[in-house]
């Protein structure tokens, strides 16, 4: 798999003659390939085998091989990570992306941060959807919302309708909208506010009349009574069987 990034070059810092008879691997590609990883692991295994037999090896040689294996594996992982997280223009041949260990670590942290942000965005979207579903289902059982106020249903972008959104790069602002706590608020929505509600709930095209817009808003938030005919003094509410019944003097 070709990886269009370049890292700091890795070398086996081993003095000549320290490991006679060992199969020393060639200099790894930049970034290392899976073949380079296999070669580094094989060399480390040769050293481990000699040490298990109790045969002496120079400490500097053991250290160099151990560092070489870990650096090749780490650089391979970093290269794959950077290629997946930041598919930018390929680096010029021989131009290292990071000149030293600290820069390499910082580059990796940024790439990990980008991937984590993307995953968190996905989690936030799923949680927002769950909150919308909970609010909608809860509102169905609240009748008119007069005795038990409706719960606000989040917009698709995760914002609360009654809280204004300030414009920012890549994000349109919007004013705070009336909190839809009961049928009276829905019935009094203006043509424009009802349109804002529907737009941010992803409805398109928008209904042409104010009443049609209010009706669609009521459906979206889980208001199941006909808000056009419900008033504080004479309420239509849902019974447990799902049938509408008339209640006077409420």
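The values are calculated or read from the model by the stated rules, or taken from the named source; none is laboratory data. Small disclaimer: the values here were computed from a predicted structure and weren't measured. Cβ sites come from the backbone with ideal geometry, for glycine too, and all protein chains shown count toward neighbours.
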Among the residues of region 30-56 satisfying the criterion of being touching a helix residue (DSSP H, G or I) at 6+ places or on another chain (Cβ under 6 Å) and in a loop (DSSP other than H, G, I, E, B), which is modelled with the highest pLDDT?
32
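Take the conditions outside any strand (DSSP E or B), over 24 Å from residue 129 (Cβ atoms) and at pLDDT below 85 and apply them to residue 250. Does it pass? Walk me through how you get there before you give the answer.
On the way: outside any strand (DSSP E or B): yes; over 24 Å from residue 129 (Cβ atoms): yes; at pLDDT below 85: yes.
In short, yes.
Over 15 Å from residue 153 (Cα atoms) and modelled with pLDDT under 70: which single residue out of 230, 225 fits that description? Outline the logic, then answer.
On the way: 225 fails: modelled with pLDDT under 70.
Of the residues listed, the single one that is over 15 Å from residue 153 (Cα atoms) and modelled with pLDDT under 70 is 230.
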Log entry, pairs with first residue in region 49-70 being in contact (Cβ under 8 Å) with a residue 40 or more places away in the chain, second being surrounded by 12 or more Cβ atoms within 10 Å (Cβ to Cβ) and in a helix (DSSP H, G or I), beta carbons closer than 6 Å, six or more apart or on different chains, reads 65/43; 65/44; 65/47; 68/40
For region 156-199, enumerate the residues that are under 30 Å from the mean Cα position of the chain (by Cα), at pLDDT 90 or above and within 12 Å of residue 220 (Cβ to Cβ).
161, 180, 197, 198, 199
Inside region 184-203, can you point out the residues that are surrounded by fewer than 14 Cβ atoms within 10 Å (Cβ to Cβ) and over 18 Å from residue 132 (Cβ atoms)?
188, 190, 192
Which listed residue is free of Cβ contacts under 8 Å to residues at least 40 places away in the same chain and farther than 20 Å from residue 139 by Cα, from 177, 172
172
